[in-house]
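The values are calculated or read from the model by the stated rules, or taken from the named source; none is laboratory data. Fair warning: this is a prediction, and the values are worked out from it, not measured in the lab. All Cβ positions, glycine included, derive from the backbone under ideal geometry; neighbour counts span all protein chains shown. Note: areas computed on protein heavy atoms with side chains; ligands, DNA, RNA excluded. Shrake-Rupley method; radii C 1.70, N 1.55, O 1.52, S 1.80 Å.
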Amino acid sequence: ILRGEAVRRQNFEIAVAEPEEEGWERLDSWQLFSEPLLLLVSRDHKFANRASIDPASLVEQKFLRRRYCDASERAMQCLHDNNVPIAQSHEVVADDDLVKMVEADLGIALLPASTIAPSTLKRAPIEGFPFERVVTLHAVAGRQRSPATAAFIRMLRAPN
């Protein structure tokens, strides 16, 4: 995930990422969208036909965690902080791998609603935990931008 730090070091003109936790007065940030994180399970999983998932039933489940997604990590920490301990978890480094592992019923995962997944998988919210991911555009205030970057920023920030 690109962070504002990469923009600060001048590695990139802009970054699309989650909001910066540490403020920087020269970093302009614009929220692009937010979306829920949903539990993803195989169609053969015992949760597959439920409209929502009781947090207490998650304790014995093996979670597949997206190491690169802060929202997923915050959601896992929120479950832990609310007395829903997760006994087993495994880090996955790519969405494609995670989807294939869930499809093979090797675990369950929290994924943004926009993540593409085959019809062999089912999604549901966790009751009482409205997890969401926020996606933000970052750029350094006052830094000269290329015409293409300036146009891209205007396009992303334009009302629908």
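Taking springs between alpha-carbon atoms closer than 10 angstrom, which of G142, G107, G128 fluctuates most in the Gaussian network model of the chain?
G142
Sort largest first and round to whole Å: the equivalent ellipsoid semi-axes of the chain, each the square root of five times a Cα gyration tensor eigenvalue.
34, 16, 14
Using modelled amide H (1.01 Å from N, peptide plane; none on Pro or chain starts), what sits under 5 Å from the amide H of I53, excluding residues fewer than 5 places away?
I126, E127
Please give the calculated 222 nm ellipticity per residue for the chain, where each DSSP H segment of at least 4 residues contributes -39500 (n - 2.57) and the sum is spread over every residue; nearest 500 deg cm²/dmol?
-6500 deg cm²/dmol
Just the accessible area per residue of the chain, please: how many Å² with a 1.4 Å probe?
Each residue of the chain exposes 57 Å² on average to a 1.4 Å probe.
Measure nothing fancy, just the Cα-based angle from helix 147-157's long axis to the longest principal axis of the chain, in degrees from 0 to 90, nearest 10.
Helix 147-157 and the main axis of the chain meet at about 50 degrees.
Round to the nearest 0.05 the FRET efficiency obtained for K46 and E73 when R0 = 30 Å and r is the Cβ-Cβ distance.
Plugging the Cβ-Cβ distance into 1/(1 + (r/R0)^6) gives 0.75.
Quick one: which residues, 5+ away or cross-chain, put their amide H under 5 Å from the amide H of T136? H built at 1.01 Å from N.
Sorted by chain and number, the residues that satisfy this are A17, E18, L32.
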